[in-house]
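Comments concern the structure below.
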Amino acid sequence: MVHLSTNTASKLLSKLAQGNGHGEDSPYFDGWKAYDSDPFHPTMNPRGVIQMGLAENQLSFEFVEKWIKNNPKASICSVEGVHEFKDIANFQDYHGLPRFRNAVANFMAKVRGNRVQFDPDRVVMSGGATGAHETVAFCLANPGEAFLVPVPYYPGFDRDLTWRTGVKIVPVICESSTNFKLTREAMETAYVEAEKSGLKVKGLLITNPSNPLGTVYDKKTLETAVTFINEKNIHLVCDEIYAATVFAEPGFISISEVIENDTECDKNLIHVVYSLSKDMGFPGFRVGIIYSYNDAVVACARKMSSFGLVSSQTQYLIASMLSDDAFVDRFLAGSAEKLATRHYNFTKGLAQVGIGYLKGSGGLFLWMDLRHLLKEKTLEAEMTLWRVIINDVKLNVSPGSSFHCSEPGWFRVCFANMDDNTMDISITRIRNFVLQNKEVAKVKKQKFCWRQSSLELRLSSRRLEDIMSPHSPLPQSPMLRATT
């Protein structure tokens, strides 16, 4: 048998297979690999890497576990539910179980305070939000066309929106000086730059609540976005997968609420991506949802969902669970309370060592400010700090540059994917790291002050005119040496 070299075998594949469009070489994914190779365990590996780079909600499983124990029929793979096995296991079309679509539509409304209702016939299934975003990109743009995306943004968008579709991403620059708020000026600048580069802009994608910022969009900003896309006649895709992870004021406002009574908005341009991965903590179930106000997009997305359907067993279980109004009410209230408590405790621990963060009220993470720990204000310095945190502090946090943040020193840190004990250990590690750095800085400062004092003593014995003499070469100036 003839074995081809890796390079030769690779050349026999498609350009897509040969390329690196998935983006696994990003520091975002490198942090996951560091965790996978040395995962923390309280007894088996207490010095391992703690996973703080995964936005997962593990705080509310007790509500779900209790419901499952009380509703054994909901699983067709149980004694109580076996009588439903045949019907559910048989072929189901890509429209999805009617009961599932109804339950999801009602849940989406409840998460949004029932201030807006959703039509079950517009609910389209997908294999998680990843598949939903790619499907929407396929529906709205041709290869080579572009979406505007505010930065910083979720690194997976580089994969979800572009890898197989050929769609481009044009960053909308948002800065810390305005708390990374999306402005009309920023959108306009990005749009003009895209046109200058020969790119046709087909849409604007926003994430609300924001990943990685943890902030929610206020009504005025959403109205500004709607006005902008209507004027440009481009689409608005709203990723709302963190809608039920809001635990404080300001509360969440859905784009669906904003356009509800907007008679000037062309609703054919509005599309929502949703999922149960974050709000319910079910990423393994791969329940992604596309909700579009455009009939053609609904029809096309439904046909494309054949490539990433949600299993019938999952649909059946989810439909049963989300149809239980009492459970949903308890879950949403309990989840918000637990997130608020965890957020408070984690930020309190950070504050004790002088670490700040961008104030937010949603998400499963913080946009942590470590700019004061950088040796210099560069992306290279950010990566140096990140490698120390990964390799020495043993925490997998994600550097801002992996979210395309142009300002170095920001890091996303997830706080809801661990138990209380692990969180305490992570805070202890952060505290020890910061205090150690402060001691090093203190020693350096003392050495610097001593050198400067000794120079000043020597200077006092010299005449001022000697120091200021135009004939004294600058490189030999003692004061100059003291500042280098």
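The values are calculated or read from the model by the stated rules, or taken from the named source; none is laboratory data. Keep in mind that what you see is a predicted model, and the values were worked out from it rather than measured. Glycine also receives a Cβ, built like all others from the backbone with ideal geometry; neighbour counts cover every protein chain displayed. Just the protein is used for accessible areas: all its heavy atoms, side chains included, with ligands, DNA and RNA removed. Shrake-Rupley method; radii C 1.70, N 1.55, O 1.52, S 1.80 Å.
For GluC sites (Glu not before Pro), the sites in the stretch 195-299 that DSSP calls loop and that have at most 14 other Cβ atoms within 10 Å are 260, 264.
The 3J(HN,Hα) values that the Karplus relation (6.51, -1.76, 1.60; θ = phi - 60°) gives for the stretch 167-180 are, in residue order, 6, 9, 10, 10, x, 9, 6, 10, 10, 5, 4, 10, 6, 6 Hz. Gly and Pro appear as x.
The candidates 266, 424, 369, arranged from most to least accessible area with a 1.4 Å probe in the full protein assembly, appear as 424, 266, 369.
Take the convex hull of the alpha carbons in the stretch 292-428; its mean projected area over all directions comes to 12.5 nm². Here the peptides 43-49, 325-331 are ranked by packing, the mean other Cβ count within 10 Å, and the order with the highest first is 325-331, 43-49. Assign one of three labels to the stretch 261-318, namely rounded, prolate or oblate, based on the Cα gyration tensor with a ≥ b ≥ c the square roots of its eigenvalues; rounded applies when a/c is under 1.5, prolate when it is not and a/b is larger than b/c, and oblate otherwise. Because a/c hits 1.5 or more and a/b fails to exceed b/c, the stretch 261-318 counts as oblate. Taking 18 Å as the limit for the C-alpha separation, the pairs 181/348; 110/267; 348/377; 219/348; 181/220; 168/196 exceed it in the case of 181/348; 110/267; 348/377; 219/348.
In order along the stretch 308-318, the phi-based Karplus estimate (6.51 cos²θ - 1.76 cosθ + 1.60, θ = phi - 60°) of 3J(HN,Hα) comes to x, 6, 7, 4, 4, 5, 5, 4, 5, 5, 5 Hz; Gly and Pro are listed as x. Taking a ≥ b ≥ c as the square roots of the eigenvalues of the Cα gyration tensor, an a/c ratio of 1.5 or more together with a/b larger than b/c marks the stretch 333-377 as prolate. In this structure, the amide hydrogen of residue 356, modeled 1.01 Å from its nitrogen in the peptide plane, lies closer than 5 angstrom to those of 369, counting only residues at least 5 positions away or on a different chain. Among 126, 323, the order of accessible area from largest down is 323, 126, computed with a 1.4 Å probe on protein heavy atoms. Residue 61 sits with roughly 70 Å² accessible to a 1.4 Å probe, with DNA, RNA and ligands left out of the calculation. If R0 is 56 Å, what FRET efficiency do you get for residue 341 and residue 13 from their C-beta distance, rounded to 0.05? That pair, residue 341 with residue 13, gives E of 0.65. Placing pseudo-labels 7 Å out from each Cα toward the beta carbon at residue 372 and residue 66 gives an inter-label distance of 4.1 nm. Loop-resident GluC sites (Glu not before Pro) (DSSP state other than H, G, I, E or B) in the stretch 350-402 with no more than 16 further Cβ atoms inside 10 Å of their Cβ: 376. Over the stretch 252-366, all Cα pairs binned in 10 Å intervals from 0 give whole-percent P(r) values of 10, 28, 32, 22, 7, 1, listed from short to long.
For residue 304, the accessible area of its heavy atoms, probed at 1.4 Å with every protein chain present, is near 50 square angstrom. Computed 3J(HN,Hα) for the stretch 289-296, one whole-Hz value per residue from the Karplus formula 6.51 cos²θ - 1.76 cosθ + 1.60 where θ = phi - 60°, is 10, 10, 10, 10, 8, 9, 4, 5, glycine and proline marked x.
Of the residues 311, 275, the one with the largest accessible area comes first in the ranking 311, 275, computed with a 1.4 Å probe on protein heavy atoms.
For the stretch 187-292, trypsin sites (Lys or Arg not before Pro) meeting the loop criterion (DSSP other than H, G, I, E, B) and having at most 16 other Cβ atoms within 10 Å: 200. Sort the stretch 179-305 into rounded, prolate or oblate with this rule: let a ≥ b ≥ c be the square roots of the eigenvalues of the Cα gyration tensor; rounded if a/c is under 1.5, and if a/c is not under 1.5, prolate when a/b is larger than b/c, oblate otherwise. Oblate shape, in that a/c is at least 1.5 and b/c is the bigger or equal ratio.
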